[in-house]
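**Q** Sharing a structure with you now.
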Amino acid sequence: MDRAALADFLRRRREALRPEDVALPPGVRRRTRGLRREEVASLAVMSTDYYTRLEQQRGPQPSAHMLASLARALRLTAGERDYLYRVAGHNAPASLSTSPHVAPALLRVLDRLDDTPALILTDLGETLVQNRMATALFGDASKHTGLARSAIYRWFTDPAERTVYPEADRDRQSRAQVANLRAAHGLRGPRSQAGELVRTLQKANKEFAGLWALHEVAQRFEDHKTLIHPEIGSIELDCQALFTEDQSQTLLVLTAPPRSANYEKLQLLAVLGLDRFTRAEPWVF
């Protein structure tokens, strides 16, 4: 770990960003060039003290998980992310498609979406980042670990995962999940995490094994979704997906026509989400 290089790199990347680059209000009388330390810490979901110690060459060696959070917060490119890992004493992730690093182009779009649910997923259905509206709609995906980080895995192993869809739509959703995994498996290969997911689910779930045998392949999302929220009930939303060039990550945006009943439900969801975030304890690492 090169403490001096790590500290200087973090400071310079922080100073190169403006609040509007990360969807923060510019504020007035900003004496700090770029972002404040506490702003970076908040974006990376860590304590300000922890981040400050890294910039002052006093902190412990950050974990790969912490580095991934810092890379997202500082909007690093893939090359900058790899450098961050190396000066922190870690091997850089093998490739963008198998790492938790969020594609910067998708993240820039997500930063500007605060009034409708939006999230960035890997091709295995792992939520890399979600805005407050998406958390209010789907719940906090950051609590999942291991294979359970994949929504595909949870769909076939956790019955509660299916309650977000109407019962009449669950068979179609099952086929879509398997078809999406088949596409990821084709891109990544049988020795990848996708292959591990397939082998595990074939043993754990007969429904999955039967659908896998159909050999259906797809990489898309339905244009229109009906979802069930525990507090606001049924809500119909239009779904738009934006893929990275290598198809490894997807920005999913859910909207409703202005002045419609479903739009009003989204406004209610925003209020409920704000209330939860106001009452929630801050994360400290």
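**Q** Ranked highest first by average number of other Cβ atoms within 10 Å, how do 105-115, 80-90, 175-185 line up?
**A** 175-185, 80-90, 105-115
**Q** Right, next: Just to confirm the number: angle between the C-alpha axis of helix 261-279 and the first principal axis of the chain, 0 to 90 degrees, nearest 10?
**A** 40 degrees
**Q** Where the centre of each part is set by its Cα atoms, how far does segment 159-199 sit from segment 116-136, in angstrom?
**A** Using only Cα atoms to place each centre, the spacing works out to 17 Å.
**Q** Which ³J(HN,Hα) values in Hz, rounded to whole numbers, follow from the phi angles of segment 20-25 under the Karplus curve 6.51 cos²θ - 1.76 cosθ + 1.60, where θ = phi - 60° and Gly and Pro get x?
**A** 5, 5, 10, 6, 10, x
**Q** Ok, one more. Using Cα positions and a limit of under 25 Å, work out the lysines in reach of Lys225, with same-chain residues fewer than 8 apart set aside.
**A** Lys143, Lys265
**Q** Nearest 10 degrees, 0 to 90: what angle lies between the long axis of helix 64-73 and the longest principal axis of the chain (Cα atoms)?
**A** Roughly 80 degrees, rounded to the nearest 10.
**Q** Let me ask something additional. Just subtract the alpha-carbon distance of Thr200 and Tyr263 from 0.36 nm times their residue separation and send over the number in nm, one decimal.
**A** 18.7 nm
**Q** If we sort 71-77, 42-48 on the protection proxy, mean other Cβ atoms within 10 Å, highest first, what's the order?
**A** 71-77, 42-48
**Q** Could you work out how far helix 3-16 tilts from the main Cα principal axis of the chain, as a 0 to 90 degree angle to the nearest 10?
**A** That works out to roughly 80 degrees.
**Q** Could you derive backbone 3J(HN,Hα) for segment 157-172 from the dihedral phi with the Karplus parameters 6.51, -1.76 and 1.60 (θ = phi - 60°), listing whole Hz in sequence and x where the residue is Gly or Pro?
**A** Once rounded to whole Hz, the list reads 10, 10, x, 5, 5, 7, 5, 6, 10, x, 4, 5, 9, 6, 5, 4.
**Q** While we're looking at this one, here's another question. Using R₀ = 41 Å, calculate the FRET efficiency as 1/(1 + (r/R₀)^6) where r is the Cβ-Cβ separation of Gln61 and Ala213; round to 0.05.
**A** In this case the efficiency is close to 0.35.
**Q** While we're here: In deg cm²/dmol, rounded to 500, what helix-only [θ] at 222 nm does the chain give when every DSSP H run of at least 4 residues adds -39500 (n - 2.57) and the total is split over its residues?
**A** Calculated at 222 nm, the ellipticity per residue is -13500 deg cm²/dmol.
Computed from the coordinates by the stated procedures, all read-outs in this text should not be read as laboratory data. Only a predicted model underlies this, so the values are computations on that prediction, with no experimental measurement involved. Reconstructed Cβ throughout: ideal geometry from the backbone, glycine too, with neighbour counts over all protein chains shown.
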